[in-house]
1. Placing unit charges on C-beta atoms (Lys and Arg positive, Asp and Glu negative, everything else neutral), compute the dipole magnitude of segment 295-420 about its Cα centre in debye, rounded to 20.
2. About the Cα centre of segment 421-519, what is the dipole size in debye to 20, counting +1 per Lys and Arg Cβ and -1 per Asp and Glu Cβ, all else neutral?
3. What order, most packed first, do the peptides 124-137, 485-498 have when packing is the mean number of other Cβ atoms within 10 Å of each residue?
4. Ranked by Cβ crowding within 10 angstrom, fewest neighbours first, how are Trp313, Trp364 ordered?
5. Using modelled backbone amide H atoms (1.01 Å from N, in-plane), which distant-in-sequence or interchain residues come within less than 5 Å of Val173's amide H?
6. Could you tell me which of the pairs Lys223/Lys276; Lys156/Lys292; Lys260/Lys299; Lys67/Lys321 are separated by over 18 angstrom between their Cα atoms in the structure shown?
7. Please list, in chain and number order, the residues 5+ apart from Glu494 or on another chain whose amide H is under 5 Å from its amide H, with Hs placed from the backbone.
8. List the aspartates and glutamates whose alpha-carbon lies under 15 Å from that of Lys343, not counting same-chain residues fewer than 8 positions away?
Amino acid sequence: MIPLGKRVPPSSLSTFYDQILAYCIYIQGRDGLMTKYVFVTGGVVSSVGKGILAAGLGLLLEARGLKIAMMKLDPYINVDPGTMNPFEHGEVFVTDDGAETDLDLGHYERFTTCKLSQKSNVTTGGIYNAVIQKERRGEYLGKTVQVIPHITDEIKSRIRKLTTDSEINVDVVIVEIGGTVGDIESLPFLEALRQFRLEVGPPNCCFIHVTLVPYIEAAGELKTKPTQHSVRSLRDIGIQPNVIVCRTGPYNLSESERHKIAMFCDVMDDAIISAKDISPLYAIPLNFKQQKLDDTVLKLLNIEAGESDLAGWAKMVERLKSSTREVRIAAVGKYVGHDDAYKSINEAFVHAGIENDCCVKVEWVDSEQFEKGVEPADVLKGFDGILVGPGFGSRGIEGKIRAVQYARENKIPFLGICLGMQVAVIEIARNCAGLSNANSTEFDPETDAPIISLLSEQKGLKDMGGTMRLGAYRCDLKPGTLAHAAYGADSVDERHRHRYEFNNSFLESLAENGTLVISGTHMKGEHELVEIIEVKGHPWFCASQFHPEFNSTPLKAQPLFRDFVSAALKR
Ligand code: GLN
């Protein structure tokens, strides 16, 4: 018998009769039996906003009471983005289970309640890696291994695995496909999705295509031709989009432009969504809601869902828009050309601003100038708080140490993240505990005071990909500290991405001086790993080995960011 109310793919049923029956239900798309799929593709240009569309749709569907899951397919050959330069590709977002993923997954977690995992981000490199390993194990039984069907089968199985291995009945899986339609790289993914649609049946999946509709000044109008061409490329592959989301810059699509795109692209008028630039970011889904994107998608998927409850989200957006106060935070580090390299940190500051009813302005300050004669005071004195964020390598480190010293001595609220904590420990060791040579072995492998050193399990590692200390670990908090007050709990789980740690053999000499407070630790067998440090007698100085930014959402600011901004406001 087919288990009622359980979502089972026909292939997992034992009797032939059950399989036939289940297949019919698949085709009809009977509610409650199986998971439905939304695929999000992008056209015309990259960075067209597929990630925000996917995350925003996730929010709208959750607001209708549906259980959703999200994933991203990335067409590059890296097995994961962990080895990619964040200044080129954007931040590496880390999940609880330690996956190093694309920054769009950060949007998924900030807009929805989904918790993402290793299964949520699949790359071409990851797919080929798995197929080649299977081939080496002889699992293809002498067959010639090819893009179709072996690579496409692997892609489809990854999409299915997201829900079949899960305990929860997922109603809708939203899958974003990285890259732009027409790229050579994304072809196997699109072919896999074409097959997927055929296998699950039309009412069980739909395609949303996000494209650019540029405004041409000389003609004084929005041009729909690039969209028509990109839909045509999609059709060449055999995929007909069901919904088209048009990025129109500062303009709104007129009714006639909407109708023109609908007619040429063979899509219903009400399935053409006008997506003009909207700020703040978190207001974007409300624009989709106004145009009934959720209703359109639910109708396509043949799902009956409850009324929408977006009141909390709308209230948050109002609070964000209405803040009149401002705090200025100096983020001291290597000069960064684009915001995406520290996406989650920037967003965590927005969230902290919402809870403190203020607007947080984060300004990047180049740390190297403090190594070339510029006094930190001259640059930093106008700021309400100082942040030293994550990083790798030795460039600009001495300048960061000087910035920490300035924050500590002048009682300016300070937040250190990962490398920021390591740098803060070095500063305190050098300037408060007389260890003038204190350093990290990352920056000076020969230092005679290795106050920050390589984690024991990192020694002798050759592979760089996926080998850091990654993901969520428990941190026990010491009562009476800033961290304990911020979290209001005795322990927390926070996410990590590092190779170096506080060297415990220096713990005593540092503790003797009395400046440094260890407020959070992780028990790793017998070994106590320092997770959070503070400075005694300072209004707010807190630095963590973990990355608090990955756990911040607009509806619930991360506690350390929240209290840091609150301290900056008080100043
Ligand atoms: N480079 C340091 C380490 O590997 C800090 C890493 C980070 O800031 N994410 O430990």
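1. Dipole about the Cα centre, nearest 20: 400 debye.
2. 280 debye
3. 485-498, 124-137
4. Placing the least packed residue first, the sequence is Trp364, Trp313.
5. Residues meeting the amide H criterion: Lys36, Tyr37, Val38, Ala69.
6. In this structure, Lys156/Lys292; Lys260/Lys299; Lys67/Lys321 exceed 18 Å between Cα atoms.
7. Tyr473, Cys475
8. Glu88, Glu91, Glu100, Asp102, Asp104, Glu109, Glu363, Glu549
No value in this document is a laboratory result; all are computed from the given coordinates. Being a predicted model, the structure only gives us computed values, none of them experimental. Quick reminder, even Gly has a Cβ in these numbers, built from the backbone with ideal geometry, and neighbours come from all protein chains shown.
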